[in-house]
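Take a look at the structure set out below.
The values are calculated or read from the model by the stated rules, or taken from the named source; none is laboratory data. In this text, all values refer to a predicted model and were calculated from it rather than measured experimentally. No Cβ is skipped: glycine too gets one built from the backbone with ideal geometry, and neighbour counts run over all protein chains shown. We work out accessible area using only protein heavy atoms, side chains counted, and drop any ligands, DNA or RNA first. Shrake-Rupley method; radii C 1.70, N 1.55, O 1.52, S 1.80 Å.
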Amino acid sequence: MISSRGPHGLQCLTFGLGALALLAGCGDRTDKAPTAAPGSPAASSTPAATAPVLQIRSETRTFRDWQASCGNDGNCWAFGFAPDFGAGWIRIALAPGPDAQPQISFGFWPDSDGPPARRLSLDVDGRVFPASMSPDGTKEAPIGVITGGDARALIDALAQGKSLTLRGGANQAVSLNGAAASLLWIDDKQGRLDTSTALIRRGAKPSSTVPTAPPLPTVTLSSAVSQAGFGDTGQTVPDALLNRSDVANCMKESVTPDVTDTVASARLDANTELWAIPCGAGAYNITQAWFLTGPGGRDARPVALVGTGGPGADPTTPDNTTINGAYDPKTRLLTAFPKGRGLGDCGTLQTWGWTGRQFVLTKEQTMGECAGVDLDYWPTTWRARTN
């Protein structure tokens, strides 16, 4: 759920988030190497133990005032947000595997009228943790970073702390209610409970028992083809496609020139075309319906888009509509970015790759709070390797 946050009371749209069984796999667990049969050559030797491999579902959970997410690649994040339209956020990120170290980032709302940030720090119950300035930040919207041993010490303080203040050009309090619970959930998801690598519940179990990162799914993209006569300007919907009632209804919703002119097309191969039909627009979001057709718009069928949030979040009903969608024939990638508001600091950014048969999700980033978090710091809830 995307909720409104911002010092100016801007209203945000709401989008559903959900885990998708088709993408998520069979649940969270770890797989150890198979045991050789007694008497076999492998059993008679003593090879080094193989590290378990993490199997993890893409999932987002809320713990009081904090939110935690893990992607299908095993990366996890915990976020705390300033309350009551406040101007700040904090993120704790941890990669999978026994050698991963937490990284802490925090930032403030862009404020051109505020004082420039020269020094950044976090204050937990009066204890100050200095931070370095990330190159991703600016003087108006600074981003602080804490890594290494300082990050571990700060996490220990957060888990027991009563108050947290972000200090920079401005100061902002962030609630710690739910911080420890969100980090404990990450320990569980990554299989590091009761080990020395845990964020919260450390123990004597060796770090070698912490699962390694899972392999990424692979999406093989089709070859690029000539786009002569196709594009995203000056396109006219073919009569064969316009005769569909769902296409005609979309066009009826597109009553202004800035929307009707967004008809787009692409050639996917010698016998397949892709058409994007505008279906209306708001202040900063344009809706399109996507169709695969034969030459000249014949034999149309809706594109089936599947995701973990945004379009295709319902595992029983693939979607063919996007918000702020676009197709790049050079990369064979279709993207969508439904914004929670015009600033673009919340929503769901998704990418699907054309395989020659269908569009398959290759990446998804989701931010459920409109809190001024830069896109580069959003959780990546799904990631695939493309070739």
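Annotations
- Cβ separations smaller than 7 Å between residues 6+ apart or across chains give the following pairs from the range 304-320 residues that are over 15 Å from Trp354 (Cα atoms) to residues that are of a type in the set (D, E, K, R) and crowded, with 20+ Cβ neighbours inside 10 Å: Thr308/Glu364; Gly309/Glu364.
- Residue selection: Ala21 fails the criterion of being at pLDDT 95 or above, open to solvent by 30 Å² or more (accessible area, probe 1.4 Å), of a type outside the set (Val, Ile, Thr) and within 29 Å of Pro311 (Cα to Cα).
- Here is the figure for the range 50-75: residues that are closer than 14 Å to Asn177 by Cβ, part of a strand (DSSP E or B) and open to solvent by 10 Å² or more (accessible area, probe 1.4 Å) total 3.
- When Trp352, Trp382, Trp290 are checked against the criterion of being without any contact (Cβ under 8 Å) to a residue 60 or more places away in the chain, closer than 22 Å to Gly74 by Cα and of a type in the set (Phe, Trp, Tyr), a single residue qualifies: Trp352.
- Some residue of the range 180-194 being part of a loop (DSSP other than H, G, I, E, B) and open to solvent by 30 Å² or more (accessible area, probe 1.4 Å): yes
Here is a yes/no grid of residues against (1) of a type in the set (Phe, Trp, Tyr); (2) surrounded by 15 or more Cβ atoms within 10 Å (Cβ to Cβ); (3) in a loop (DSSP other than H, G, I, E, B):
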residue	(1), (2), (3)
Ala228	no, no, yes
Thr236	no, no, yes
Ala240	no, yes, no
Ala248	no, no, no
Trp275	yes, yes, no
Tyr284	yes, yes, yes
Thr287	no, yes, no
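- Scanning the range 357-371 for residues that are closer than 19 Å to Val225 by Cβ and of a type in the set (A, V, I, L, M, F, W, C) turns up at least one hit.
- Residues that are outside any loop (DSSP other than H, G, I, E, B) and either of a type in the set (Ser, Thr, Tyr) or open to solvent by less than 10 Å² (accessible area, probe 1.4 Å) (or both), drawn from the range 86-108: Gly88, Trp89, Ile90, Ile92, Leu94, Ile104, Ser105, Phe106, Gly107
- Of the residues examined, Val210 is not one that is in contact with a Leu (Cβ under 9 Å, 6 or more places away or on another chain), farther than 30 Å from Leu120 by Cα and surrounded by fewer than 17 Cβ atoms within 10 Å (Cβ to Cβ).
- Selection from the range 344-364 of residues that are over 17 Å from Thr386 (Cβ atoms) and surrounded by fewer than 17 Cβ atoms within 10 Å (Cβ to Cβ): Gly344
- Residues in the range 250-264 that are open to solvent by less than 10 Å² (accessible area, probe 1.4 Å) and either at pLDDT 95 or above or out of contact with any Ser or Thr (no Cβ under 6 Å at 6 or more places or on another chain) (or both): Val259, Val263.
- The single condition among (1) in contact with a Leu (Cβ under 8 Å, 6 or more places away or on another chain); (2) open to solvent by 10 Å² or more (accessible area, probe 1.4 Å); (3) touching a residue at least 12 places away in the same chain (Cβ under 8 Å) that Arg301 does not meet is (3).
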